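Each remark here refers to the structure printed beneath this line.
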Amino acid sequence: MLAERLREALATLDNVEVVGTVADETGAVAAVREKQPDVIILDLQLKEGTGFGVLEQLGKTRPIIIVFTNYMLPEYQRLANSFGVEHFLNKSVDYERLPQLIQEIGATH
């Protein structure tokens, strides 16, 4: 349900196209490689696999990553930083900030 709400919110932004929504690690990696998006909004808890697994498989050649999670644990933030994640947001408090962040990223690229 959250993915659909995000899709609707982002679809209203100028120069933003949502190219896909996936629920598992394998699908996420395949979608990124096929569609080559500029930005990925990545949850850490997936139906199968994890967001960290996605990051590991994508390696250094990847889009800008926005981790969007309910798991704001310091060790998760450190691990995300070790992967070079650009943004780490809390679903509970940063939902309204996400579209603005996408616009800011678009303005700089």
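Which condition number does E56 fail, the rest of (1) modelled with pLDDT under 95; (2) more than 24 Å from R5 (Cβ to Cβ); (3) part of a helix (DSSP H, G or I) being met?
With respect to (1) modelled with pLDDT under 95; (2) more than 24 Å from R5 (Cβ to Cβ); (3) part of a helix (DSSP H, G or I), E56 is out only on (1).
Please go through the stretch 19-56 and give me each residue that is crowded, with 17+ Cβ neighbours inside 10 Å and charged (D, E, K, R), ordered by number.
Scanning the stretch 19-56 gives E25, D43.
Looking only at residues in the stretch 83-108 that are within 22 Å of R33 (Cβ to Cβ) and at pLDDT 95 or above, which one is surrounded by the fewest Cβ atoms within 10 Å (Cβ to Cβ)?
G84
Restricting the search to the stretch 57-76, which residues are surrounded by fewer than 13 Cβ atoms within 10 Å (Cβ to Cβ) and more than 15 Å from P37 (Cβ to Cβ)?
Passing the criteria: G59, K60, N70, L73, P74, E75.
Please go through the stretch 19-47 and pick out each residue that is aliphatic (A, V, I, L, M), assigned to a loop (DSSP other than H, G, I, E, B) and closer than 18 Å to D94 by Cβ.
Across the stretch 19-47, the qualifying residue is only L44.
Please go through the stretch 59-107 and pick out each residue that is over 21 Å from A11 (Cβ atoms) and assigned to a helix (DSSP H, G or I).
Matches in the stretch 59-107: P74, E75, Y76, Q77, R78, L79, A80, N81, S82, S92, V93.
Would you check which residues across the stretch 1-10 are surrounded by fewer than 16 Cβ atoms within 10 Å (Cβ to Cβ) and part of a helix (DSSP H, G or I) and list them?
L2, A3, E4, R5, R7, E8
Spot the failing condition for L13; the list is (1) in a loop (DSSP other than H, G, I, E, B); (2) in contact with a strand residue (DSSP E or B) (Cβ under 8 Å, 6 or more places away or on another chain); (3) closer than 15 Å to L101 by Cα, and only one is missed.
All conditions are met except number (2).
Given the criterion charged (D, E, K, R) and touching a residue at least 60 places away in the same chain (Cβ under 8 Å), identify the matching residue among K47, K91.
The unique qualifying residue is K91.
The values are calculated or read from the model by the stated rules, or taken from the named source; none is laboratory data. Predicted, not measured: the structure shown is a model, and the values here were computed from it. Cβ atoms come from the backbone with ideal geometry, glycine included; neighbour counts cover every protein chain shown.
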